[in-house]
Amino acid sequence: MKIAVRKRRAPSIIIVSLVDILTILLIFFVVSTTFKKDQPEVQINLPESATATTQPAQSEHAIVSVNEADEVRLDGNPLPVEELEAAVRNLPAARKTTLALEADKKASFGTIIKVMDALKLAGVKNLPAFTQGGK
């Protein structure tokens, strides 16, 4: 009596379904990252100006912002008005010359004047302000 001996096949991994899954994951991550919008740090309602001009964006600029609650921020970091002069003095010269003021139209006039005084004492000569275009 003869007994048939079968040869064992080496185990193999089918990677077709693995490639499909990885392709779907790659498409998901690409789509989810391209549709993400930048969220503003501070919500500010800018005042309107009929004589405002649009300036080209500069890569290295510093922004002093004042919101409606009279909170002062330098590049998004909260800062008391009293320490603003020292903080601006410590900025590199390239960033100090491109510094701009972004104030909410409901911010108190006194706080904006204090900020402008601190910036002038820190050596800022030209202080552009963010505004909305007039209608």
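The values are calculated or read from the model by the stated rules, or taken from the named source; none is laboratory data. Everything quoted here is computed from the prediction, not taken from an experiment. Neighbour counts run over all protein chains shown; Cβ positions are idealised from the backbone, glycine included.
A few points about this structure:
- When residues in the stretch 82-118 are screened for being touching a residue at least 40 places away in the same chain (Cβ under 8 Å) and in contact with a strand residue (DSSP E or B) (Cβ under 7 Å, 6 or more places away or on another chain), 7 of them pass.
- Candidates Asn90, Asn77, Asn45, Asn67, filtered to the one that is of a type outside the set (Val, Ile, Thr) and modelled with pLDDT under 75: Asn45
- Qualifying positions in the stretch 5-41 - at pLDDT 75 or above and under 30 Å from Ser65 (Cα atoms): Thr33
- Screening Glu60 against (1) modelled with pLDDT of 65 or more; (2) loosely packed, with under 10 Cβ neighbours inside 10 Å; (3) within 21 Å of the chain's Cα centre (by Cα) leaves a single unmet condition, (1).
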